[in-house]
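In what follows, a single structure is set out as C-alpha cells and then discussed.
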Amino acid sequence: MTVTPLVRQHVAALTADELPAYVYDLPLLREHAATVRAALPHPVELYYAAKANPEPAVLAALRGAVDGYEVSSGGESAHVRAAVPGAALAFGGPGKTPAEIADAVGLGVHRWHVESEQELHRLAGALADTPGAVVDVLLRVNLPVGAGPLDSVALAMGGRPTPFGLDPERADACAALLAGPLGRQLRLHGVHAHLASGLRAPAQLQLAEQVVDWSVRFARRHRFPLAEVNVGGGMAVDYADPAARFDWTAFGTGLEKLLDRHPGLTLRIEPGRALTAYCGWYATEVLDVKQSHGEDFAVVRGGTHHLRTPATRGHDQPFDVLPVAGWDHPWPRPAATTGRATLAGQLCTPKDVLAHRAPVDGLRSGDRVLFAMAGAYAWNISHHEFLMHPRPGFHFLDGPAAGPDAVAPLAAGDGPAGG
Ligand SMILES: *Cc1c(COP(=O)(O)O)cnc(C)c1O
C-alpha cells in the first residue's frame, strides 16, 4: 500500500457520486519537500517548476522548502504571483509573447531564462518604459553534451536539435549583445540548461558538471562574472516503483563537490515532477467488470481525460484497491476472474487505459481504486472536455499527519483554480 492513512480514510468516506476525485496529502508533500531541501547544500537554490502542478494549495505547501518558482507562461506567472504572493519567480519557456513579457515585467519578475536573441530585444523593449529597472538574464543554452547522461531519458530537450534554448554559437551572439547597450537593463547573470527529463542522480550530476564546465568557459570567453548556473529539473520518477525516490542525498553530495571547485557560484535546480508526483491520488470506483476474449477489464469512473499521464508516457499508473464489502443490488456482482485486469476509463477510445493487465485480487464492481503518483503532470495535462463527463472533485487534505482523526479537509471543490 502506498496510500497514506489520511488519503485512505478520506476516500473511504466519499460517496460514489463524489468520485472520481483528486486527493492530495499536503503534510506528505511538505515532508518530502523538506527532505529534498535538507539534502541540498546551501549555495544550491531550489525552485519548483510550477507547470508540474500549479494548484494553489500545492504551491503554498511548497513555500517553506523552495527558494522560488519557475514559471513558463504569462498565465503561470500571474497565477503563481497570486497564489504565493511575494515569492521569487523565474520566467522560462520558448515562445514568450511580447504581451506576456510586458505583464511579467509588470509583476516584478526579475529573473529571465532567455531563449533567443529576439527575446533579448523584446525583453529590452518591455523594460524601456521603466528606465531604472534592471533584470537578471540567464541564457538558456542547448549544450552539446557528451555521450552518456542523455542515453536513456524519457524526454530530451537538449543535446540534439530541438526548439529549446540557444545553440551555443547563438549564446555567443547574445553575450555580445548584452555587452552592448542592451546590457544597461539586462544583466548577464549566468547560464540555464534544462536538457532532459527522467534522469537518475548519477546522470544528473554528470550533466550538471558538463553544464557548469561549459558555463565557466563561456563566462571567461565573454569576460562576465558567472553568478549562477541553473541546471534545470528532470529528476527521475519511477512509475513502476512507487516506493523509489530520486537519490537526493547522492545528488546533494555531488553538487557540493562541484561547488567546491567553483567557490562563489550559485547553483540552482528547478524540479517539478520529482517534488509533487507522490502527494496526489486519483481516486475512483469500478463501475463494471467484464471478460473480453479471455481477459478481465475493469471500467472505472473517469479515465485518461482526468489522468492523462499513463497514456502520454506509455506507462501503467500504479494503484491500490480499497475493497468495498457492501453490494445492495439484486444482480450478481461483476468481478475479475483471471487475477489480472486492465483498468480502463469511460472514454470511447482504446487509448483510455490507466493500467494494463495489472495483478488484481478479485477486483469487483463497486470497489474503489486509488491511482498513486498523480500529483504531477496529471489533471493539468489532461484533455478534460473530451466526452463531457463531469469533472473530478479536488480535496486538499491537511492537518496533523498522525492520529486516527487526522482527516481534515482544508478545501474541497469541483474544480481547481486556473484549471
Ligand atoms: C518542465 C521543466 C522543468 C521541470 O521538469 P521536471 O521533469 O518536472 O522536473 C524544469 N525546467 C524547465 C525549463 C522545464 O521546462
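Cross-link partners of Lys290 among lysines, defined as those whose alpha carbon lies under 24 angstrom from its own and excluding same-chain residues fewer than eight positions apart: Lys351. One chain, two ends: Glu256 and Thr2. Fully extended at 0.36 nm per residue, the span grows by 88.2 nm beyond their Cα-Cα distance. Sketch the reach of a paramagnetic label on Thr312 as a point 7 Å from Cα along Cα-to-Cβ, and name the residues of the range 332-352 whose backbone nitrogen lies under 17 Å away. Correct set: 351-352. With axes computed from alpha carbons, what is the tilt in degrees of helix 201-222 against the longest principal axis of the chain, rounded to the nearest 10 within 0 to 90? So the helix axis and the longest Cα principal axis differ by about 20 degrees. Gain on full extension, evaluated as 0.36 nm per residue between Arg333 and Ala60 minus their Cα-Cα distance, stands at 93.9 nm.
Annotation for the range 295-399: chymotrypsin sites (Phe, Trp or Tyr not before Pro) lying in DSSP loop with at most 16 further Cβ atoms inside 10 Å of their Cβ are Trp327.
With a Förster radius of 51 Å applied to the beta-carbon distance between Ala173 and Ala325, the computed FRET efficiency rounds to 0.15.
DSSP assigns beta bridges within the range 88-271; of those with both partners inside it, close to 10 percent run antiparallel.
Using 1/(1 + (r/R0)^6) with R0 = 25 angstrom and r between the beta carbons of Asp129 and Arg187, what's the FRET efficiency to the nearest 0.05? Intermediate values should be presented prior to the final figure.
On the way: r = 18 Å, r/R0 = 0.73.
It comes to 0.85.
Available extension along the chain between Leu387 and Gln118 is 92.7 nm, counting 0.36 nm per residue and deducting the alpha carbon span. Label-to-label distance for Arg340 and Thr15 is 3.9 nm, based on points extended 7 Å past Cα in the beta-carbon direction.
Go ahead and run the numbers for FRET between Asp136 and His356, Cβ-Cβ distance against an R0 of 41 Å, rounding to 0.05. Write down the numbers at each step before the final one.
Numbers: r = 47 Å, r/R0 = 1.14.
Computed FRET efficiency for Asp136 and His356 comes out at 0.30.
Which of Ala325, Ala355, Ala175 ends up with the largest GNM mean-square fluctuation for the chain, with Cα atoms connected below 10 Å? Residue with maximal mean-square fluctuation among Ala325, Ala355, Ala175: Ala325. Between Asp288 and Arg221, the modelled labels are 6.3 nm apart [label points 7 Å from Cα along Cα→Cβ].
Coordinate-derived values only; no laboratory data. Remember, it's a predicted structure, so these values are computed and weren't measured experimentally. Counting neighbours? That spans all protein chains shown, and the Cβs are built from the backbone with ideal geometry, glycine included.
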